[in-house]
Structures are given as structure tokens and as C-alpha cells.
Amino acid sequence: MANEILVVDDNSDIRALIAGILKDEGLNVREAANFDQAIDEINKKLPDTAVIDVKLDKGDNDGIELLSHIKSKDDDIPVIMISGHANVQMAVDSLKLGAFEFMQKPFSSERLLNFVKRALENVNLKKDKGALENKLFNSFDIIGESQPMQKIKSLILKLASTESRVFISGPTGSGKELVARQIHKKSSRAKKPFEVVNGALLDPEKYELELFGSENTSNFINYGFLEKAKDGTLLIDEITEIPLDTQAKILRVLIDQKFKRVNGTRQINTNVRIISTSSKIIREEVDKGNFREDLYHRLSVVPITIPPLKDRIDDIPLLIKYFSKKISEINGINEAKINTELDFFYKYKWPGNVRELRNLVERITILSVNDSAIDTNTLIQDSITQKSKKSTVDESDNVLSYPLKEAREKFEKDYLTSQIRKHRGNISKTAEFVGMERSALHRKLKTLGIKDLN
């Protein structure tokens, strides 16, 4: 689709001149003759870029208000400000508010086209980058054959034919957003928007503005996430970070299926599937009074819990092979040769979970390109050792403080647990590797209190 430019100027001759120059270049142009028309055009559809006169029909700097309005809706839209009565301060103020360029009338057609073309190049680069990132993110699959991951994949398929709200719990980096996207992708809303609002990243004073949007007496409308996600899915990430008073308003929306924008008077009907996530233990947050229990029950029609990577280590080799192939495809390079049998993968606790493993595989893949001298095993060991060094030292210090018998038991327990994880729960292979009879190993595991790690 061709780029679209909004030209706003109350002087019909200048407006027609600018529009004509741009149309001659094959660009789509919309026009607005005054402040109110401009607001209507912006609210109807955001342009790819805009050329706006500083002074329109409502005041000395109403064009600056339009600049702020566009930037509040999408900060990536480049806006070129023009003026026949410009001064240095006016230009500085415009640029501070996010104007892409400032031009003083009269200006040449070459100068105008130069600014507009650069603005559109900027827009298209960001669109291409965003589309690529979105494509790459959506192309990732949920990988894992461990029992908890099989349950999650089965549940996603069951949710495809329902409209149920879902509450996803799991530690940071475990894949909560990926699961939410898969639910949306397989649902009847798949072709509608998927919007993400992160409760942990919002300005505490702007929660309601972000969720519900706002309007004012000048007909400014800022659409919130509930409207942006119309007929689609809204993921509220880290919802436990949202203040209690805003939680109450979200609860009201879930009950009434409608809401008002901030400073608005009209009720707006909503049709959005809400998926929520939290890296905190939600029951504890409810008990502490940090999260409304009635809201949790409304949101958690179907709860999903994603385990940390350290609790599903049999998925690690599958994840390594998957990420290695995927990253090489994305970057157009050869796959790194990563030995999935290395002890490091199974002894390490993976505090960053699947995200940390993916980043490690990507680092190894990139660093090993065209460098046969690099030892990937050493790279992996160095990366993990740096992160686990402190905890390893702490554990060693603790062992030294034990009596001999307890220290021996602790060593045996840690050693056997590590070997079982390394062999992905296979007791026969573990027994063969450690040099024990299978039955003897079973007895030892029972004595040490090591439960089945499958």
C-alpha cells in the first residue's frame, strides 16, 4: 500500500501547492483546511507522515497541538512543520516536541520533497523492521516434549474453539507471551489485532489512559489498548503490577463489557479476549492484598502454569537444536555445532529460563560464524560459568561447613541429580554411566531422597 501524507494548512493556495507537488511524485495525499478537519482526519486514520502549518484557525500555535496529538497516538510518525512567521524559538519548540523537520515559507519544491522522502524512508524502515520482528516472533513455536509442556500444548488446542479468559503464570523468560500468542493464533480472532500492554512498564499515573484511552474538549481522542485490540486479543502482561483502583475498573469492564474513556461521557462497548500473565505467585499476591481476588477469578477462567527451564531439563536438547536452526535461518548463516550432552546445560539453574538459553544459542551461533578457531564448548562453558560462579562458590562454602557424613551425602545427592538430568531421567543410562547396578541406584536415590526427575 502506498504511503499517505496529510497536508494541513488554512491557506487554500499553499495547501493546493503542497498537495500538487506531492501528488506529482505519485504520493497519496489527504488535505485538511483547519484544525477541526485535521483532528477528524487524524482520528479517522493516522497518516504515514504529515505536513502541518504552525498557525491555523484556532490560535497562534494550534499546529503545534496537532503535532502533539499525532505524537501521542504514534510517536514514530514524522511530522514536518511549516510557518510563514517562523522564528528560532518556534523551530526549537517544534523539534523538542518531536517534529521531524521545520520549514519556513516560502520554500522550494525540492526542499519539501527532500524532507518528505526522508520522512517516508524513516517510516518504511521502521515498518519493515517491525514487520520482520513480528514475523520472527510469531514464527517461533512452543518446543518441548516434557509432561508439563505436552499439557500446555494440548490446552492451547482446546482453547482454540473457546472465548475463555486465560491467566498464564510462570517465571520471567519462560515463554508466557509466546503461549498467549499461540492461543490467539489458533483462535477465531487470529486475523484481528493482538495487543500487548505491560503492567510493569507503564507509568503508574497513566494506567487508565493506556487501557481506556482519553478525550478532551478539543476532540482529541487517544485510543487505549481496549479499543486498539477491538475484536482481537489483549494481553495484559504482569497484571499484578497494576494498582488496585485500576484493577477495580478492569473488573467493571469484564462485568459490563463496556467502558468510558478518561474524561469521556460515552459508553464504549468492547469485544476483546483478555489474556493475563504474571511472574509472581498470584495466590500470594491475593493473600497480601496486592491483587483483587474477584478480578483474579474473572481473569483465570483457564489457568496455565509454565514451569521454569530447570524443572524441564529434558527439553533442553530439543530447544538448543530448535533455536540453533531457527537463528541460522533468520541470519542466513550456518548452524553452530553445539554438543547437547555437555554437563553445563543440566547443572546450570537457568535463572533467565528459555529466553536465556535462546540468547546463549544466538551468541554462540553469531560468534562461531567464519571462525573455525572458536571452540563452542568453551564459549558455552565460559558464558554459564560466569553467571553461576557466585552460587557455585556459595555452595562449596556450605559443603565445607558440614560434617564429613553430611558433606558426602550432599555431594552424592548433587552428583546423582546432575547425572540423572544429564541423561534426561533415564535411570538405566545413569546407572551405566556412574558404574552402579540399576537396582542399587534406585535404592541410593531413595536413601538420598531424590525423587523421580522426569
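No value in this document is a laboratory result; all are computed from the given coordinates. For clarity, every value in this text was computed on a predicted model and none was experimentally measured. Because the Cβ atoms are built from the backbone with ideal geometry, glycine has one as well, and the counts that use them run over all protein chains shown.
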Notebook entry, point to check: Residue separation times 0.36 nm, minus the C-alpha to C-alpha distance between residue 378 and residue 408: what's the value?
Noted result: 7.8 nm
Check: Picking from 20, 188, 69, whose Cα lies most toward the positive end of the charge dipole for the chain (charges on Cβ: Lys, Arg +1; Asp, Glu -1)?
Finding: 188
Notebook entry, point to check: Just for the chain, what percent of DSSP beta bridges are antiparallel, to the closest 5?
Noted result: 10
Check: Between residue 16 and residue 434, 0.36 nm times their residue separation minus their Cα-Cα distance comes to what?
Finding: 142.1 nm
Next item on the list: On a C-alpha basis, how far is the centre of region 247-293 from the centre of region 163-223 in Å? Whole number, if you could?
Entry: 11
Margin query: Within a 10 angstrom radius of the beta carbon, how do 209, 299 rank from fewest other beta carbons to most?
Written below: 209, 299
Check: On average, how much area does the Cα convex hull of region 140-307 cover when viewed from any direction, in nm²?
Finding: 10.0
Check: Let a ≥ b ≥ c be the square roots of the eigenvalues of the Cα gyration tensor of the chain; is it rounded (a/c under 1.5), or, if not, prolate (a/b larger than b/c) or oblate?
Finding: prolate
Check: By how many degrees, between 0 and 90 and to the nearest 10, does the Cα long axis of helix 109-139 differ from the longest principal axis of the chain?
Finding: 30
Check: Any idea what the dipole of the chain comes to, in debye rounded to 20, about its Cα centre with Lys/Arg Cβ at +1 and Asp/Glu Cβ at -1?
Finding: 2260
Item checked: Per-residue Cβ neighbour rank within 10 angstrom, fewest leading, 187, 164 -> 164, 187
Checklist line | Cα-based helix-to-principal-axis angle, 147-159 vs the chain, degrees rounded to 10 | finding: 40
Note to self: Can you tell me how region 4-131 classifies by the Cα gyration tensor, rounded, prolate or oblate, using a/c under 1.5 as the rounded cut?
What the structure shows: rounded
Next item on the list: Would you mind checking the tilt of helix 62-73 against the longest principal axis of the Cα atoms of the chain, expressed as 0 to 90 degrees and rounded to 10?
Entry: 20
Checklist line | For region 1-65: rounded, prolate or oblate by the Cα gyration tensor [a/c cutoff 1.5] | finding: oblate
Check: Between 276, 354, 201, whose Cα lies farthest towards the positive end of the dipole of the chain when Lys and Arg beta carbons carry +1 and Asp and Glu beta carbons carry -1, centred on the Cα centre?
Finding: 354
Check: Using the count of nearby Cβ atoms within 10 Å as a rough guide to exposure, how do 201, 120 rank from fewest to most?
Finding: 201, 120
Next item on the list: Run the quick spin-label model on residue 265 and residue 186: label points 7 Å from Cα toward the beta carbon, then report their separation in nm to one decimal.
Entry: 4.7
Notebook entry, point to check: For the pair residue 335 and residue 108, how long in nm is the line joining their label points, each one 7 Å along Cα→Cβ?
Noted result: 5.7
